[in-house]
Amino acid sequence: MTPTLRLFLARHGETPGNREMRYLGAADEPLSATGESQADGLAAALGSLPIAAIYASPRRRTMETGRRIAAVLGLDLQMEERLREQCFGEWEGKTRPEVLANDREALLAWEADLSLAPPGGDSLNVVQERVVAFVEEMRRDLPGAWVALVSHVGPIKALLCAALGVPLAAARRLFLDPGTLTVVDWGERPVVRLFNAHGHLGWGEARWMREGSPPAVTTAHGASGRDGARTRSSSAFTER
């Protein structure tokens, strides 16, 4: 039996388009100042680990993140096409409200069925096929190794669905922040060890923690507190 491959899956640091919640696939944005800080946090978190190799998607945001990590590890950063984000085609660079205003029917159909692709883009099925093929190749070539992969929301969530043996539709229920770490032991029966970890960035630095907190309420004892029942309106559909 081939030994398990331990994967450290890093989502790249934040870009300006991420902050504005735009569809970014083939679009090639650099890191923002916040994204650079997140990349340095990833490098510090991974720098002391016995990682044998590091690969990154060819997009500028992932390469910039990967170079910082590789420098601390003392490794050469290797570019891997199969780690690239899905292409959003005609929706590239647009926000969900902008797409809804001009292509509502196609967008809602795509959100309901991940086997579909945006006009001129890729489906998540295609993304999953290529990223799983790459990971299986690494398991054969680097048996038992610890490997860092710097990628995007789509490939990481598609790989997680494969590891968990669940339909790709489950990706809609997973939220992945910029600059976070996910760890998967990839073998005959993959195990997810860690997901969307941002301890290296600080507990309060996750985007969903910065978006706002619930209002203060008065408890039965007259003390001011927080209403834990409040929910936010953001959805996985608007995650970029």
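In the chain the Cα-Cα distances spread across 10 Å bins starting at 0 as 7, 31, 34, 18, 7, 2, 0 percent of all pairs.
Distance between the pseudo-spin-label points of R172 and A101 (7 Å out from Cα toward the beta carbon): 2.5 nm.
Just how large is the dipole of the chain about the Cα centre, in debye to the nearest 20, putting +1 at every Lys and Arg Cβ and -1 at every Asp and Glu Cβ?
Details: 28 positive and 30 negative charges, 125 e Å.
Dipole magnitude for the chain comes out near 600 debye.
Springs join every pair of Cα atoms under 10 Å in this Gaussian network model of the chain, and among S48, S37, S123 the largest mean-square fluctuation is at S48.
Which order do M63, M209 fall in if you start with the one that has the fewest other Cβ atoms within 10 Å? Show your work: numbers first, answer last.
On the way: M63 19, M209 13.
Result, fewest neighbours first: M209, M63.
Modelled spin labels at E90 and A133, positioned 7 Å past Cα toward Cβ, are 2.8 nm from each other. Largest mean-square fluctuation among G25, G120, G154, in a Gaussian network model of the chain whose springs join Cα atoms under 10 Å apart, belongs to G120. Here the spin labels are modelled as points 7 Å beyond Cα on the Cα-Cβ line, and at R19 and V72 they lie 2.2 nm apart. Considering only V153, V99, V183, the mean-square fluctuation computed in a Gaussian network model of the chain, springs between alpha carbons under 10 angstrom, is largest for V99.
Values quoted throughout were computed directly from the atomic coordinates according to the rules given, and no laboratory measurement underlies them. Computed from a predicted model, the values in this text were never measured in an experiment. Quick reminder, even Gly has a Cβ in these numbers, built from the backbone with ideal geometry, and neighbours come from all protein chains shown.
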